[in-house]
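Below: one structure, written as structure tokens.
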Amino acid sequence: MNFKKQFKEGLLTKNPVTVQLLGMCSTLAITTSLFNGIGMGLAVTVITICSNVLISALRKVIPSQVRIAAYITIIAGFVTMVDLFLQAYIPALAASLGVFIPLIVVNCMVLGRAEGFASKRGILESAVDGLCQGIGYTVALVVVCVIRELLGNGTFGGGLLGPGGAGIQIIPQPFPAMQIVMPVGGFLVLGFVLAGSDKLMKYLEKKSKKKEAAK
Amino acid sequence: MKTESNVMYIIRLAAILLIITSLVAAALAGVNSITAPVIARLTAEKTQMAIEAVLPGGGEAIDFAPVDLVSKVYKGENGYAIEVTPGGFDNTITMMVGVDFEGKVLGIDIIKHTETAGLGAVADAETPAGQNFRGQFVGTSGSVAVTKDGGAMDSITGATITSRAICDGVNAALACVATLG
């Protein structure tokens, strides 16, 4: 098991959002404030870890013909639990994310990790994979959130900081472009974030090759 | 596997799925039994806060047979707090509308909704945009509508359906108070 490699894969080289392009629905829909991004990211991370662990533990019990049905049942179970806990203990987040919490069931990232990783590997390795992929998802979400919130509302830290949780105003009204918070802005910003992460990866690759050549 | 007949094999698959779904259902029931009282208490608190927010001095529930969008009526010394449930963009919105004895809106407060985050959810947000949206209903009477429908209420950007639903709720509350006198 190689924690560093898994972490790097989750964060950058196999990032669920920017490389695997999974979980796009939530990435586009809820990335309008920092609070939403962090909350959604943490919820998905917890669910991915739990479902990865359980599916990995049951990988020899579940027959392959009914595996997808079994995975979806397990994932839906964890999602509903997280939904209930959020409603009971963090109602502000539950109200803010609304219908997108139950919709984590169909977030391909969770099922993707179950099918592509946890169903073939050990429990500990799967837990680490869930954590790393979840962190990668959260970071990607937060980056999109910060950009959209800043350009669209002119604020930073919406839902967490500032008066009444409205965020700290950085760009004064009426300069922010409301369109960026709307769906069209989601697609635009996500496109630039994908391009940016691609550029970053190529740059890092070049750098590590140069290092090797110097040796 | 070869010694097993097809029928037995299918039964085995079904049995394993049944066990998994039963275990998940049991776990959910367990979680629900922990969270249900907490959620119920939070909802009750939120309802109480909503009544006090829209009706200065608060109010007591009065006997009222649910009709149309109106589910509950609370009466206080300054007017009524009407709980209405208009259909929003995603699902039913539960909201409280305060109306004085002259039939003027005292204020609105949203208790529960599942509108889109960042768009319809602004109606319930404690941000300037949300406060402005709810504030414009104060003092209105008769019936209200969004500007797109020829009314005077500015709808939330990108959330006309939600804004219409809130107007529906306010109209239902106003109509209800008119019948109560």
Inset, instruction - Go through (1) surrounded by fewer than 20 Cβ atoms within 10 Å (Cβ to Cβ); (2) without any contact (Cβ under 8 Å) to a residue 60 or more places away in the chain one by one and return the number of the condition A:Ile74 breaks. - result: (1)
Inset, instruction - Return the total of residues in region B:117-150 being buried (at least 17 other Cβ atoms within 10 Å of the Cβ) and more than 14 Å from chain A (Cβ to nearest Cβ). - result: 5
Legend entry - Filtered residue count, region B:140-161, keeping only those that are touching a strand residue (DSSP E or B) at 6+ places or on another chain (Cβ under 6 Å) and either of a type outside the set (Val, Ile, Thr) or within 29 Å of A:Gln179 (Cβ to Cβ) (or both): 5
Inset, instruction - Test each condition in (1) touching a residue at least 24 places away in the same chain (Cβ under 8 Å); (2) surrounded by fewer than 20 Cβ atoms within 10 Å (Cβ to Cβ) for B:Asp154 and report the one that comes out false. - result: (1)
Inset, instruction - With a cut-off of at least 3 residues that are away from chain A (no Cβ under 13 Å) and of a type outside the set (Asp, Glu), name the strands (runs of 3 or more DSSP E) lying wholly within region B:22-116. - result: B:70-75, B:79-84, B:94-100, B:105-112
Inset, instruction - Would you confirm whether any residue within region A:93-106 is within 20 Å of the chain's Cα centre (by Cα), away from chain B (no Cβ under 14 Å) and more than 25 Å from B:His113 (Cβ to Cβ)? - result: no
Legend entry - Restricting region A:35-68 to residues that are within 12 Å of chain B (Cβ to nearest Cβ) and crowded, with 24+ Cβ neighbours inside 10 Å, the residue that is farthest from the chain's Cα centre (by Cα): A:Ile55
Inset, instruction - Run A:Gly159 past the list (1) in a helix (DSSP H, G or I); (2) surrounded by 19 or more Cβ atoms within 10 Å (Cβ to Cβ) and report the number of the one that doesn't hold. - result: (1)
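Only the coordinates and a few stated rules stand behind these numbers; no lab work does. What you see is a predicted model; the values in this text were computed from it and never measured. Quick reminder, even Gly has a Cβ in these numbers, built from the backbone with ideal geometry, and neighbours come from all protein chains shown.
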